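Before any comments, here is the structure.
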Amino acid sequence: MKGIVFTEFLEMVEEKFGYTMVDNLLSTTELPSEGVYTSVGTYQHTEMVSLVINLAKQTNIPINELLKVFGGYLFKTFTKTYSHFMAKAPDAFTFLASIHNYIHVEVQKLYPDAELPHFDIERPDDKTLVMTYSSARKMADLAFGLIEGCVEYYKENVEISQIPINEDGSITKFVIIKK
Ligand code: HEM
(Lines give C-alpha, C1' and ligand atoms only; values in the text may rest on other atoms or scores of the structure.)
Protein backbone atom coordinates (compact mmCIF):
# COMPACT_ATOMS: atom_id res chain seq x y z
CA MET A 1 0.00 0.00 0.00
CA LYS A 2 1.31 3.42 -0.93
CA GLY A 3 2.78 5.67 1.74
CA ILE A 4 0.33 8.48 0.92
CA VAL A 5 -2.46 6.35 2.42
CA PHE A 6 -0.47 5.96 5.66
CA THR A 7 0.63 9.60 5.91
CA GLU A 8 -2.98 10.77 5.34
CA PHE A 9 -4.27 8.24 7.86
CA LEU A 10 -1.88 9.52 10.55
CA GLU A 11 -2.78 13.11 9.71
CA MET A 12 -6.46 12.28 10.16
CA VAL A 13 -5.71 10.61 13.52
CA GLU A 14 -3.82 13.72 14.63
CA GLU A 15 -6.61 16.05 13.49
CA LYS A 16 -9.40 14.04 15.14
CA PHE A 17 -7.73 12.58 18.24
CA GLY A 18 -4.56 14.62 18.78
CA TYR A 19 -0.86 13.95 18.41
CA THR A 20 -0.71 11.82 21.58
CA MET A 21 -2.91 9.25 19.84
CA VAL A 22 -0.56 9.16 16.81
CA ASP A 23 2.37 8.63 19.15
CA ASN A 24 0.48 5.99 21.09
CA LEU A 25 -0.58 4.13 17.90
CA LEU A 26 2.92 4.11 16.45
CA SER A 27 4.46 2.83 19.66
CA THR A 28 1.86 0.14 20.43
CA THR A 29 1.24 -1.32 16.93
CA GLU A 30 3.48 -4.07 15.54
CA LEU A 31 4.82 -2.37 12.38
CA PRO A 32 7.59 -3.87 10.18
CA SER A 33 8.29 -0.33 8.85
CA GLU A 34 8.48 0.95 12.44
CA GLY A 35 5.92 3.58 11.50
CA VAL A 36 8.25 5.62 9.30
CA TYR A 37 6.27 6.40 6.15
CA THR A 38 7.07 8.58 3.14
CA SER A 39 4.27 9.42 0.73
CA VAL A 40 5.97 7.73 -2.26
CA GLY A 41 7.13 4.62 -0.36
CA THR A 42 5.30 1.27 -0.39
CA TYR A 43 4.43 -0.66 2.76
CA GLN A 44 2.61 -3.86 3.61
CA HIS A 45 -1.14 -3.51 3.42
CA THR A 46 -1.37 -5.42 6.72
CA GLU A 47 0.27 -2.45 8.50
CA MET A 48 -2.80 -0.34 7.69
CA VAL A 49 -5.05 -3.11 9.01
CA SER A 50 -3.03 -3.27 12.25
CA LEU A 51 -3.17 0.52 12.69
CA VAL A 52 -6.95 0.63 12.17
CA ILE A 53 -7.55 -2.32 14.54
CA ASN A 54 -5.45 -0.62 17.22
CA LEU A 55 -7.16 2.77 16.71
CA ALA A 56 -10.56 1.04 17.08
CA LYS A 57 -9.37 -0.50 20.35
CA GLN A 58 -8.05 2.83 21.68
CA THR A 59 -11.10 4.89 20.71
CA ASN A 60 -13.93 2.33 21.02
CA ILE A 61 -15.06 3.32 17.53
CA PRO A 62 -15.86 0.33 15.27
CA ILE A 63 -13.32 -0.47 12.52
CA ASN A 64 -15.87 -0.01 9.70
CA GLU A 65 -16.79 3.43 11.04
CA LEU A 66 -13.12 4.50 11.21
CA LEU A 67 -12.50 3.32 7.64
CA LYS A 68 -15.54 5.24 6.35
CA VAL A 69 -14.45 8.44 8.09
CA PHE A 70 -10.93 7.92 6.72
CA GLY A 71 -12.35 7.46 3.18
CA GLY A 72 -14.10 10.85 3.43
CA TYR A 73 -10.89 12.44 4.70
CA LEU A 74 -8.81 10.84 1.93
CA PHE A 75 -11.17 12.06 -0.77
CA LYS A 76 -10.76 15.64 0.53
CA THR A 77 -6.99 15.23 0.19
CA PHE A 78 -7.42 13.90 -3.35
CA THR A 79 -9.49 16.98 -4.29
CA LYS A 80 -6.39 19.05 -3.48
CA THR A 81 -3.61 16.85 -4.91
CA TYR A 82 -5.50 15.47 -7.90
CA SER A 83 -7.91 18.32 -8.72
CA HIS A 84 -7.39 17.74 -12.49
CA PHE A 85 -9.44 14.52 -12.18
CA MET A 86 -12.39 16.40 -10.66
CA ALA A 87 -12.09 19.14 -13.29
CA LYS A 88 -12.73 16.53 -15.99
CA ALA A 89 -15.95 15.14 -14.47
CA PRO A 90 -19.01 17.41 -14.25
CA ASP A 91 -20.85 15.32 -11.64
CA ALA A 92 -20.38 12.55 -9.07
CA PHE A 93 -21.74 9.71 -11.26
CA THR A 94 -19.39 10.61 -14.14
CA PHE A 95 -16.50 10.79 -11.68
CA LEU A 96 -17.29 7.51 -9.91
CA ALA A 97 -17.90 5.66 -13.19
CA SER A 98 -14.44 6.75 -14.39
CA ILE A 99 -12.38 5.52 -11.43
CA HIS A 100 -11.62 2.07 -12.73
CA ASN A 101 -10.93 2.82 -16.40
CA TYR A 102 -9.32 6.21 -15.98
CA ILE A 103 -8.35 7.50 -12.52
CA HIS A 104 -6.88 4.32 -11.06
CA VAL A 105 -5.23 3.62 -14.44
CA GLU A 106 -3.43 6.98 -14.16
CA VAL A 107 -2.59 6.24 -10.51
CA GLN A 108 -1.05 2.92 -11.60
CA LYS A 109 1.10 4.73 -14.19
CA LEU A 110 2.29 7.12 -11.48
CA TYR A 111 2.91 4.34 -8.94
CA PRO A 112 3.46 1.03 -10.79
CA ASP A 113 3.42 -0.89 -7.49
CA ALA A 114 0.03 0.52 -6.32
CA GLU A 115 -2.48 -2.17 -5.37
CA LEU A 116 -5.83 -0.99 -6.62
CA PRO A 117 -9.31 -2.51 -6.40
CA HIS A 118 -11.47 -3.56 -9.35
CA PHE A 119 -14.82 -1.82 -10.00
CA ASP A 120 -17.61 -3.02 -12.30
CA ILE A 121 -20.03 -0.27 -13.26
CA GLU A 122 -23.73 -0.54 -14.17
CA ARG A 123 -26.24 2.23 -14.90
CA PRO A 124 -29.67 0.57 -14.61
CA ASP A 125 -31.34 4.00 -15.01
CA ASP A 126 -30.53 7.74 -14.93
CA LYS A 127 -30.89 7.94 -11.17
CA THR A 128 -28.86 4.86 -10.29
CA LEU A 129 -25.18 3.91 -10.35
CA VAL A 130 -24.11 0.44 -9.26
CA MET A 131 -20.43 -0.10 -8.42
CA THR A 132 -19.21 -3.59 -7.62
CA TYR A 133 -15.97 -3.48 -5.66
CA SER A 134 -13.56 -6.44 -5.68
CA SER A 135 -10.22 -6.50 -3.91
CA ALA A 136 -8.16 -8.99 -1.95
CA ARG A 137 -7.55 -6.12 0.49
CA LYS A 138 -11.23 -6.07 1.53
CA MET A 139 -11.46 -2.32 2.03
CA ALA A 140 -15.08 -1.81 1.00
CA ASP A 141 -15.66 0.45 4.02
CA LEU A 142 -12.87 2.71 2.79
CA ALA A 143 -14.57 2.71 -0.64
CA PHE A 144 -17.86 3.71 1.03
CA GLY A 145 -16.15 6.69 2.68
CA LEU A 146 -14.50 7.69 -0.62
CA ILE A 147 -17.88 7.54 -2.40
CA GLU A 148 -19.43 9.66 0.36
CA GLY A 149 -16.56 12.15 0.09
CA CYS A 150 -17.10 12.31 -3.66
CA VAL A 151 -20.86 13.02 -3.54
CA GLU A 152 -20.22 15.61 -0.83
CA TYR A 153 -17.61 17.30 -3.04
CA TYR A 154 -20.12 17.50 -5.91
CA LYS A 155 -22.82 18.64 -3.41
CA GLU A 156 -25.21 15.94 -4.55
CA ASN A 157 -27.96 14.22 -2.63
CA VAL A 158 -27.80 10.42 -2.89
CA GLU A 159 -28.51 7.32 -0.88
CA ILE A 160 -25.71 4.73 -0.77
CA SER A 161 -26.45 1.07 0.03
CA GLN A 162 -23.56 -1.27 0.74
CA ILE A 163 -24.34 -4.93 -0.03
CA PRO A 164 -21.76 -7.65 0.77
CA ILE A 165 -21.67 -10.21 -2.05
CA ASN A 166 -19.45 -12.86 -0.47
CA GLU A 167 -18.49 -14.04 3.01
CA ASP A 168 -14.94 -12.72 3.23
CA GLY A 169 -15.76 -9.12 2.25
CA SER A 170 -13.66 -9.08 -0.92
CA ILE A 171 -16.70 -8.33 -3.14
CA THR A 172 -19.20 -5.62 -2.25
CA LYS A 173 -21.92 -3.94 -4.27
CA PHE A 174 -22.68 -0.23 -3.84
CA VAL A 175 -26.05 0.98 -5.10
CA ILE A 176 -26.04 4.77 -5.32
CA ILE A 177 -29.43 6.40 -5.97
CA LYS A 178 -30.03 10.10 -6.64
CA LYS A 179 -32.74 11.52 -4.36
C1 HEM B 1 -8.97 11.41 -7.41
C2 HEM B 1 -9.50 10.28 -6.99
C3 HEM B 1 -8.71 9.05 -6.58
C4 HEM B 1 -7.36 8.84 -6.57
C5 HEM B 1 -6.24 9.77 -6.99
C6 HEM B 1 -7.15 7.50 -6.02
C7 HEM B 1 -5.92 6.95 -5.78
C8 HEM B 1 -5.69 5.82 -5.03
C9 HEM B 1 -4.41 5.41 -4.48
C10 HEM B 1 -3.08 6.17 -4.63
C11 HEM B 1 -4.62 4.27 -3.79
C12 HEM B 1 -3.56 3.47 -2.99
C13 HEM B 1 -3.02 2.30 -3.76
C14 HEM B 1 -2.00 1.57 -2.91
O15 HEM B 1 -1.94 1.82 -1.73
O16 HEM B 1 -1.20 0.76 -3.42
C17 HEM B 1 -6.04 3.95 -3.89
C18 HEM B 1 -6.62 2.85 -3.32
C19 HEM B 1 -7.98 2.67 -3.27
N20 HEM B 1 -8.94 3.37 -3.97
FE21 HEM B 1 -8.64 5.04 -5.06
N22 HEM B 1 -8.36 6.93 -5.75
C23 HEM B 1 -9.33 7.85 -6.06
C24 HEM B 1 -10.67 7.71 -5.92
C25 HEM B 1 -11.28 6.61 -5.39
C26 HEM B 1 -12.71 6.49 -5.14
C27 HEM B 1 -13.76 7.58 -5.35
C28 HEM B 1 -12.91 5.24 -4.65
C29 HEM B 1 -14.21 4.62 -4.24
C30 HEM B 1 -15.13 4.28 -5.05
C31 HEM B 1 -11.62 4.58 -4.55
C32 HEM B 1 -11.39 3.33 -4.03
C33 HEM B 1 -10.17 2.87 -3.58
C34 HEM B 1 -9.99 1.80 -2.61
C35 HEM B 1 -11.11 1.05 -1.90
C36 HEM B 1 -8.60 1.65 -2.42
C37 HEM B 1 -7.86 0.69 -1.44
C38 HEM B 1 -7.18 -0.47 -2.10
C39 HEM B 1 -8.09 -1.67 -2.32
O40 HEM B 1 -9.25 -1.68 -1.83
O41 HEM B 1 -7.66 -2.63 -3.00
N42 HEM B 1 -10.66 5.43 -5.04
N43 HEM B 1 -6.66 4.90 -4.67
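The values are calculated or read from the model by the stated rules, or taken from the named source; none is laboratory data. Note that the structure is a prediction, hence the values are computed from the model and not measured. Cβ placement follows ideal geometry from the backbone for every residue including glycine, while neighbour counts extend to all protein chains displayed. Side chains are part of the model used for accessible areas, which takes the heavy atoms of the whole protein and leaves out ligands, DNA and RNA. Shrake-Rupley method; radii C 1.70, N 1.55, O 1.52, S 1.80 Å.
Here are the numbers for this structure:
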| quantity | calculated |
| --- | --- |
| The stretch 1-102: trypsin sites (Lys or Arg not before Pro) in DSSP coil with no more than 12 other Cβ atoms inside 10 Å | none |
| Compactness index (Cα Rg / 2.2 N^0.38 Å), the stretch 91-178 | 1.06 |
| Per residue, in Å², the accessible surface of the chain once ligands and nucleic acids are set aside, probe 1.4 Å | 53 |
| Dipole magnitude (debye, nearest 20) for the chain, charges at Cβ of Lys, Arg, Asp, Glu | 400 |
| Percentage, to the nearest whole number, of Cα pairs in the stretch 3-61 over 16 Å apart | 35 |
| Those lysines that a straight Cα-Cα span of less than 30 Å connects to Lys179, excepting residues fewer than 8 apart in one chain | Lys68, Lys76, Lys80, Lys88, Lys127, Lys138, Lys155 |
| Compactness relative to 2.2 N^0.38 Å, alpha carbon Rg of the chain | 1.03 |
| Percent carbon-and-sulfur accessible area, the chain, ignoring ligands, DNA and RNA, probe 1.4 Å | 53 |
